[in-house]
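Here's the structure, in structure tokens; my notes come after.
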Amino acid sequence: MTAPPPLLAIEGLHAAYGLSRVLFGISLQVEAGECVCLLGRNGVGKTTTMRSVMGLLPPTGGHILWKGTDIAGWAPHRVARAGIGFVPEDRRVFAELTVWENLDVAARAARRDGKWTIDAVYELFPILRELRNRRGGFLSGGEQQMLTIARTLMGNPELLLLDEPSEGLAPLVVEALLHNISALKEQGVTILLAEQGVDFSLALADRVYVLEKGRIRHAGPAAELRNDQELRNRLLSL
Amino acid sequence: MSPSFLFSQFMGGLTTAMFLFLIASGLSLVFGVMRVINFAHGSFYMLGAYLAWQAVQWLHPTGGGFWLAALCAALGVGILGVLTERVFFRALYGREELYQLLFTYALVLVLGDAAKFLWGTDQLSVSTPPALAGSVRIFGTTQPLYTMFIVAIGPAIAFTLWLLLSRTGAGRMVRAAQMDREMLDALGANVAAIYTAMFALSAFLAGLSGALVTPIQSIVPGMDVLIIVQAFIVVVIGGMGSLWGTFWGSVIYGQVLSFGILIFPGFSLFSVFALMAVILIVRPWGLFGRPL
């Protein structure tokens with residue numbers, strides 16, 4: 001018997017914005033139930049990797065296997081309906097729609113039934129229930145981040161791509177968010193996280209890929225980096 | 001000036017306004033959602049008029065069958081809208097305005113010539129549907145029932161569109177597409193299909209207004225260009241992409257035109273252009289629009 005393919009397997013992914021090449025053969029895997037982190041500074045290709053998976057930036061080479069099927073080059077809505085949810089770093093809530101409308105639109109867009117209903121996401125982020133009639137554009141940064149995650153959950157994704165959720169948020173808000181994402185992880189949501197913040201990502205991740213200039217520099221369990229100060233400095237303190 | 005005279009000017013202005021609203025609403029809708037300025041919208045209106053005439057000829061050469069003909073014309077133009085969106089407009093989203101203007105202007109020329117080729121250059125006319133052929137007396141004036149109908153259908157369509165956009169799931173999707181197309185796509189929505197549907201609705205409204213205008217205006221080549229200029233003024237006054245802006249822009253346009261004639265006889269369009277100039281100086285984004 002062969003083992004089932006990993007939930008997501010990226011093989012030799014190349015991507016470019018016009019003539020400027022960003023990814024040079026990224027390979028990584030995410031197993032169901034894992035929280036995997038792409039760690040690296042600004043501009044190393046974390047966002048580009050996620051946008052390529054989502055179909056927002058068609059890759060110039062390589063394969064993106066979702067449960068064994070190559071989805072490289074699929075339109076974003078097909079990728080979303082296949083079960084991959086994307087939380088972009090710049091949040092992009094629908095500013096003129098209320099919190100409730102943002103969630104409703106997402107449920108209609110993905111058309112995937114599951115345990116995530118409006119009530120379930122209000123349970124995870126109680127503040128959203130209080131703010132349900134407020135327009136997205138009038139929320140604070142932290143509230144917008146929660147709404148973006150909740151909105152993506154409404155599509156009942158099997159894999160959540162979280163792009164720099166802690167970026168630009170106050171430390172207290174980051175802590176609350178960390179708590180929320182841990183709760184998601186405990187509920188069995190598979191997460192691929194992109195982060196610059198070492199503490200944030202190591203608190204959540206099971207495994208880590210360290211990216212540098214569009215290549216994977218290091219791959220290993222998060223515990224290794226958590227315990228080995230020297231390794232951490234060598235990989236990340238530049 | 002007697003009150004009844006003023007009232008009759010007012011009703012004339014309102015009729016013009018509601019016709020313009022029917023046409024301009026589709027123009028505003030497509031701009032608001034897709035950010036495409038469709039110069040060929042007036043051509044869809046013209047085709048609606050010709051198709052309505054043609055359908056009346058086929059259905060009831062002796063007259064009658066107007067409502068069915070109007071519906072067929074609107075549906076026909078809606079289908080044409082779907083085809084042009086799928087084949088041509090799709091390539092224009094996100095491109096510079098110059099490409100959009102050039103392409104839609106080319107479409108104006110092609111459709112204008114096609115209409116001349118198919119229906120000739122003679123004036124065509126359609127008789128008023130019998131049920132609305134009479135008139136009523138209000139405030140000592142005689143108002144044709146058909147214009148009363150037009151005055152009623154304008155707000156009805158404005159209200160329906162507003163309900164559709166603000167109170168239904170489909171409307172929420174459209175508004176989300178308007179705000180962030182890429183994000184909505186990444187959430188799983190087939191935005192291309194939403195765009196096609198909006199374009200079809202816009203063309204349907206243009207075709208419908210073209211069909212409805214036939215009992216009170218004859219169908220002539222050039223009606224496409226004439227109307228698109230007026231529809232643009234309305235949309236600019238009201239604010240690009242704003243439904244209620246387009247509605248009130250139409251009302252203001254109609255009244256200024258109607259009463260402007262009294263002040264500057266012989267220069268009726270002058271007052272409208274003057275109004276547009278003033279609004280563009282004070283609020284470049286229109287009365288209900290927002291700075292882009």
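The values are calculated or read from the model by the stated rules, or taken from the named source; none is laboratory data. Small disclaimer: the values here were computed from a predicted structure and weren't measured. For neighbour counting, all protein chains shown are included, and Cβ atoms are generated from backbone atoms with ideal geometry for every residue, glycine included.
So the values come out like this:
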{"read-out": "Single match in A:132, A:81, A:91 (criterion: surrounded by fewer than 21 Cβ atoms within 10 Å (Cβ to Cβ) and in a loop (DSSP other than H, G, I, E, B))", "value": "A:132"}
{"read-out": "Top-ranked residue in segment A:135-177 [being part of a strand (DSSP E or B) and aliphatic (A, V, I, L, M); ranked as surrounded by the most Cβ atoms within 10 Å (Cβ to Cβ)]", "value": "A:162"}
{"read-out": "Some residue of segment A:55-70 being within 14 Å of chain B (Cβ to nearest Cβ) and touching a Pro at 6+ places or on another chain (Cβ under 6 Å)", "value": "yes"}
{"read-out": "Contacts under 9 angstrom Cβ, first residue in segment A:148-159 being over 22 Å from residue A:34 (Cβ atoms) and within 11 Å of chain B (Cβ to nearest Cβ), partner of a type in the set (D, E, K, R) and surrounded by 24 or more Cβ atoms within 10 Å (Cβ to Cβ), 6 or more apart", "value": "none"}
{"read-out": "Members of segment A:185-196 that are under 17 Å from residue A:87 (Cα atoms) and not in a helix (DSSP H, G or I)", "value": "A:189, A:190, A:191, A:192, A:193, A:194, A:195, A:196"}
{"read-out": "All helices (runs of 4 or more DSSP H) inside segment B:209-292 with 3 or more residues being of a type in the set (Val, Ile, Thr) and crowded, with 23+ Cβ neighbours inside 10 Å", "value": "B:223-238"}
{"read-out": "Residue in segment B:125-139 that is more than 25 Å from residue B:9 (Cα to Cα), basic (Lys, Arg) and at pLDDT below 95 present", "value": "no"}
{"read-out": "Leading residue by the ranking (nearest to residue A:167 (Cα to Cα)) among those in segment A:16-47 that are over 18 Å from the mean Cα position of the chain (by Cα) and assigned to a strand (DSSP E or B)", "value": "A:22"}
{"read-out": "Of all residues making up segment A:94-114, the number that are part of a helix (DSSP H, G or I) and touching a Lys or Arg at 6+ places or on another chain (Cβ under 8 Å)", "value": "10"}
{"read-out": "Residue A:111 being out of contact with any strand residue (DSSP E or B) (no Cβ under 9 Å at 6 or more places or on another chain), surrounded by fewer than 18 Cβ atoms within 10 Å (Cβ to Cβ) and facing chain B (nearest Cβ under 9 Å)", "value": "yes"}
{"read-out": "Number of the condition not met by residue A:64 [criteria: (1) farther than 16 Å from residue A:161 by Cα; (2) modelled with pLDDT of 90 or more]", "value": "(1)"}
{"read-out": "Criterion: at pLDDT 95 or above, in a helix (DSSP H, G or I) and either surrounded by fewer than 24 Cβ atoms within 10 Å (Cβ to Cβ) or within 14 Å of chain A (Cβ to nearest Cβ) (or both) - qualifying residue of B:192, B:200, B:206", "value": "B:200"}
{"read-out": "Restricting segment A:48-77 to residues that are touching a helix residue (DSSP H, G or I) at 6+ places or on another chain (Cβ under 7 Å), part of a helix (DSSP H, G or I) and not hydrophobic (A, V, I, L, M, F, W, C), the residue that is farthest from residue B:188 (Cα to Cα)", "value": "A:76"}
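Okay, residues lined up against (1) over 30 Å from residue B:114 (Cβ atoms); (2) among the aliphatic types (A, V, I, L, M); (3) more than 14 Å from chain A (Cβ to nearest Cβ); (4) touching a residue at least 12 places away in the same chain (Cβ under 8 Å):
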{"residue": "B:184", "(1), (2), (3), (4)": "yes, yes, no, no"}
{"residue": "B:216", "(1), (2), (3), (4)": "no, yes, yes, yes"}
{"residue": "B:253", "(1), (2), (3), (4)": "no, no, yes, yes"}
{"residue": "B:259", "(1), (2), (3), (4)": "yes, no, yes, yes"}
{"residue": "B:265", "(1), (2), (3), (4)": "yes, no, yes, no"}
{"residue": "B:269", "(1), (2), (3), (4)": "no, yes, yes, yes"}
{"residue": "B:281", "(1), (2), (3), (4)": "yes, yes, yes, no"}
